[in-house]
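Just so you know, all these numbers are worked out from the coordinates, no wet-lab data involved. Values in this document were obtained by computation on a predicted structure and should not be read as measured data. Cβ placement follows ideal geometry from the backbone for every residue including glycine, while neighbour counts extend to all protein chains displayed.
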Amino acid sequence: MLMIKLNPGDKTPKFTLTDQDDNKVKLTDYRGQKILGYFFPRADTPGCTRQACSVSESLKTLQKQGVQPLGISPDTPEKQKKFDQKYSLGFPLLSDPDNAAAQAYGAWGEKKRYGRTYEGIIRSAFLIDEKGTLLQAWYNVKPEDTVPKALAALEAHSR
């Protein structure tokens, strides 16, 4: 399978996904604000929880900079809702059950674990500007690095 990799300056692929409250959410709904979109493998697992809680703890800082975080995984809206409520995350978690958005962003591909090769979510984060252009992409990002990398990129872009 040929893997797509997005680069700074690329127009970001549009999507319409369902959030944890069963609302349809389009990328274009956020036109005029920056987005920190990140793909994670599965709600309520250790790495995904660290990542989501890090984003949640930085929500005010991100919002002061005009950034709306969006977490995306293959989980159902119901599972996302439980995850959101359990950790009081407070930002949209989007369901991508067929991995179409993940594939469009290059966040789906071959992974290896315990000697086994399989297809899955590649933990990735994307900082998108107000017009839908990619400012920065991080593939295979560590859960705890998502927010610091985004904040550093925001600072670099504001200079």
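Assorted remarks:
- Prolate/oblate/rounded call for the chain, Cα gyration tensor, a/c under 1.5 rounded: rounded
- Under 19 Å from the Cα of Lys111 - aspartates and glutamates, other chains or at least 8 residues apart: Asp75, Asp96, Asp98, Glu119
- Rounded, prolate or oblate (a/c below 1.5 giving rounded, otherwise prolate when a/b exceeds b/c) for the range 1-51 by Cα gyration tensor: oblate
- Selection from Tyr118, Leu89, Gln63, by position along the positive dipole direction of the range 16-150 (Cβ): Tyr118
- Spin-label proximity, His157 to the range 47-82 - amide N less than 15 Å from point 7 Å beyond Cα toward beta carbon: 62-70
- Only helices enter the 222 nm calculation for the chain: every DSSP H run of n ≥ 4 contributes -39,500 (n - 2.57), and dividing by all residues gives -8500 deg cm²/dmol, rounded to 500.
- Pairs exceeding a 22 Å alpha-carbon distance, out of Lys11/Lys34; Lys5/Lys60; Lys5/Lys142; Lys26/Lys149; Lys24/Lys112: Lys5/Lys60; Lys26/Lys149; Lys24/Lys112.
- Shape class of the range 13-99 from the Cα gyration tensor (axes a ≥ b ≥ c, square roots of the eigenvalues): oblate, since a/c reaches 1.5 or more and a/b does not exceed b/c.
- Each Cα pair under 8 Å and six or more residues apart adds its sequence gap; the mean of these over the residue count of the range 25-159 is a relative contact order of 29 percent.
- The charge dipole of the range 21-159, taken about the Cα centre with unit charges on the Cβ atoms of Lys, Arg (+1) and Asp, Glu (-1), comes to about 280 debye, rounded to the nearest 20.
- Amide N of the range 52-93 lying under 18 Å from the label point, which is placed 7 angstrom from the Cα of Thr16 along Cα→Cβ: 77
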